[in-house]
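Visitor: Sending over a structure as structure tokens; questions will come in a sec.
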Amino acid sequence: MQDFEIKPYPELWHELDMDVERFDKARQMLGGAYSKIFLSQNNRPQAMAYFDEMIAEIFGGRIKELVQAKKEGRPVVGTFCVYIPEEIVLAADGICVGLCGGSPGSIPDAEKILPRNICPMVKSAFGFKAGRICPYFQAVDFVYGETTCDAKKKTWEILDRLVPTYVMEIPQMKKERDRALWIEEVKDFKAKIEEISGKTISPEQLAAATKVINGKRRALQRLTKLRAANPAPISGKDALLIEQIAFYDEPVRFAAKVNELCDELEVRVAKSEGAFPKSALRVMVSGTPMALPNWKIHNLVESAGAVIVNEESCIGTRYFKDLIAEGTEDLDQQLAALTDRYMRIDCSCFTPNDERVTQVLKEYKDSAAQGIIHYSLQFCHTYNIEEIKIREACQQEGIPYLSIESDYSPDDVGQLQTRIEAFLEQVEG
Ligand code: SF4
Ligand code: SF4
């Protein structure tokens, strides 16, 4: 295994008013886990070196860029949901970063304040701020929340005591009047970003920002398509890592690096070279997002010899499957096109949300998977209940299916391993 260290930046962390001693321990643990989970893999693409470096610099290099942007008067916005239109932040020359919420380490901090029986992603994220143990949280000017699930929308009221937190109202249905509400919310969001940045967003700036974010989403689409090859040219763990990095890297640089990786993967596909042998079972994961550093399911599945070929979730295809129509520099038309794209997101917070069932079946086919694992975070009521419809659709189509509900603690790893191995035996037939 290669030597790997997540680089320490204690001075920078002091400047950001972090609990440096505690954070440094978390940094070392994360570095160890990364080494074990990622660097021990065989036959990784060479272009993964950039993404390894992004992790090595996760608490320094990118943070310095955010701090520098703030010094230049550019807004740095923290978000938690793929509904927040990052194109608008970028158009105001701002930076949008998805905040961390995938670690058990910050949950005790949250549980001192929030109820225990809510989603671990919400607790983890809140705990990072409460414990001052996330440099991203410390670097953002403010947070944009949304009214998707109950846990999040009520947490924003409490989070606002620690960091300015604005909230967008996300409709719960997709009728015409919901679209009308959403477009008004998008306009309010734009006005807020303009107020905070002191800049008026021009149609040209919005067109340019749309192009950049479309470019990032296109690169991720390309990566997803390549994973459909057999043998899979890249592991699910590496693909998940890239999808997680998409939420905090600079978008132009990130898209270029993903495209470089895809060039390498195309060569691999042409030569029938894979990260796993051709005989490896192919599994798709569907459900709740996996925020950094939540690698639990991917690690278990791939340690059992199968390969994950698709993530139907907000960390995966739900984030990048749809693009915004380009080609107009009329602001109203641009905002309408943006709204149309964001209204296509099929999160379980909508009712009804049957398009997600169709999408799961489509991605299963497109990715040439042989079974689906539905993954739901504990206490996520909307995904847990929507799971019924996904399960029924898989039964109807004869798709091998396993439903997992889990949190971030390592306590259920043994039990999950047994269930996953039994499932893979079932897939093998
Ligand atoms: S699952 Fe829903 S609430 Fe969570 S990030 Fe995705 S769209 Fe937002
Ligand atoms: S996983 Fe579910 S409960 Fe957790 S933040 Fe997302 S929508 Fe809310």
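Visitor: Being of a type outside the set (Asp, Glu) and free of Cβ contacts under 8 Å to residues at least 40 places away in the same chain is the requirement here; does Gln396 meet it? If you could, list the steps in order and put the result at the bottom.
Guide: On the way: of a type outside the set (Asp, Glu): yes; free of Cβ contacts under 8 Å to residues at least 40 places away in the same chain: yes.
Yes; evaluated as a whole, the condition is true for this residue.
Visitor: Given the condition outside any helix (DSSP H, G or I) and closer than 27 Å to Val97 by Cα, answer yes or no: does some residue in region 250-257 qualify? Working first, answer last.
Guide: Within region 250-257, the subset outside any helix (DSSP H, G or I) is 250.
Filter again for closer than 27 Å to Val97 by Cα, leaving 250.
So far as region 250-257 goes, yes, one or more of its residues are outside any helix (DSSP H, G or I) and closer than 27 Å to Val97 by Cα.
Visitor: Continuing with the same structure: Considering only region 43-61, I want to know if a residue exists there that is out of contact with any strand residue (DSSP E or B) (no Cβ under 7 Å at 6 or more places or on another chain) and on the phi > 0 side of the Ramachandran plot. Lay out the reasoning, then the answer.
Guide: Taking region 43-61 and keeping what is out of contact with any strand residue (DSSP E or B) (no Cβ under 7 Å at 6 or more places or on another chain), we get 43-61.
Cutting the leftovers down to on the phi > 0 side of the Ramachandran plot gives us 43.
Within region 43-61, one or more residues are out of contact with any strand residue (DSSP E or B) (no Cβ under 7 Å at 6 or more places or on another chain) and on the phi > 0 side of the Ramachandran plot.
Visitor: Does region 74-89 contain any residue that is more than 17 Å from the chain's Cα centre (by Cα), part of a helix (DSSP H, G or I) and surrounded by fewer than 17 Cβ atoms within 10 Å (Cβ to Cβ)? Walk me through how you get there before you give the answer.
Guide: Within region 74-89, the first condition is being more than 17 Å from the chain's Cα centre (by Cα), and the residues that meet it are 74-76, 88-89.
From the residues that got through so far, the ones that are part of a helix (DSSP H, G or I) too are 88-89.
Retained after the next criterion (residues that are surrounded by fewer than 17 Cβ atoms within 10 Å (Cβ to Cβ)): none.
Looking for residues that are more than 17 Å from the chain's Cα centre (by Cα), part of a helix (DSSP H, G or I) and surrounded by fewer than 17 Cβ atoms within 10 Å (Cβ to Cβ), one finds none in region 74-89, hence no.
Visitor: If you don't mind, another one. For region 102-111, does any single residue satisfy the condition of being in contact with a strand residue (DSSP E or B) (Cβ under 7 Å, 6 or more places away or on another chain) and within 16 Å of ligand 1 (Cβ to nearest atom)? Full working, then the answer.
Guide: Going residue by residue through region 102-111, those that are in contact with a strand residue (DSSP E or B) (Cβ under 7 Å, 6 or more places away or on another chain) are none.
No, region 102-111 contains no residue that is in contact with a strand residue (DSSP E or B) (Cβ under 7 Å, 6 or more places away or on another chain) and within 16 Å of ligand 1 (Cβ to nearest atom).
Visitor: Inspect all residues belonging to region 269-292 and state whether any of them is closer than 30 Å to Lys64 by Cβ, outside the structural domain of Phe80 (by TED's automatic domain parsing) and either outside any loop (DSSP other than H, G, I, E, B) or away from ligand 1 (no atom under 16 Å from the Cβ) (or both). So that I can check it myself, show each step before the final result.
Guide: Looking only at region 269-292, we keep the residues that are closer than 30 Å to Lys64 by Cβ, and these are 289-292.
Adding the requirement that they be outside the structural domain of Phe80 (by TED's automatic domain parsing) leaves 289-292.
Now narrow it down to the ones that are either outside any loop (DSSP other than H, G, I, E, B) or away from ligand 1 (no atom under 16 Å from the Cβ) (or both): none.
Looking for residues that are closer than 30 Å to Lys64 by Cβ, outside the structural domain of Phe80 (by TED's automatic domain parsing) and either outside any loop (DSSP other than H, G, I, E, B) or away from ligand 1 (no atom under 16 Å from the Cβ) (or both), one finds none in region 269-292, hence no.
Visitor: Looking only at helices (runs of 4 or more DSSP H) that lie completely in region 335-429, which have at least 2 residues being within 16 Å of ligand 2 (Cβ to nearest atom)?
Guide: 381-397
Visitor: Picking from Ile183, Ile133, Ile170, Ile193, which residue would you name as being within 16 Å of ligand 2 (Cβ to nearest atom), on the phi < 0 side of the Ramachandran plot, of a type outside the set (Phe, Trp, Tyr) and surrounded by 15 or more Cβ atoms within 10 Å (Cβ to Cβ)? Quick ask: steps written out before the conclusion?
Guide: Working: Ile183 fails: within 16 Å of ligand 2 (Cβ to nearest atom); Ile133 fails: within 16 Å of ligand 2 (Cβ to nearest atom); Ile193 fails: within 16 Å of ligand 2 (Cβ to nearest atom).
Going through Ile183, Ile133, Ile170, Ile193 in turn, the sole match is Ile170.
Visitor: Tell me the residue from Gly94, Gly73, Gly98 that is in contact with a Cys (Cβ under 9 Å, 6 or more places away or on another chain) and under 20 Å from Val163 (Cα atoms), please.
Guide: Details: Gly94 fails: in contact with a Cys (Cβ under 9 Å, 6 or more places away or on another chain); Gly73 fails: in contact with a Cys (Cβ under 9 Å, 6 or more places away or on another chain).
Only one candidate passes the filter, namely Gly98.
The values are calculated or read from the model by the stated rules, or taken from the named source; none is laboratory data. As the structure is a computational prediction, the values presented were derived from the model and not from experiment. Here Cβ is always computed from backbone atoms with ideal geometry, including for glycine, and neighbour counts include all displayed protein chains.
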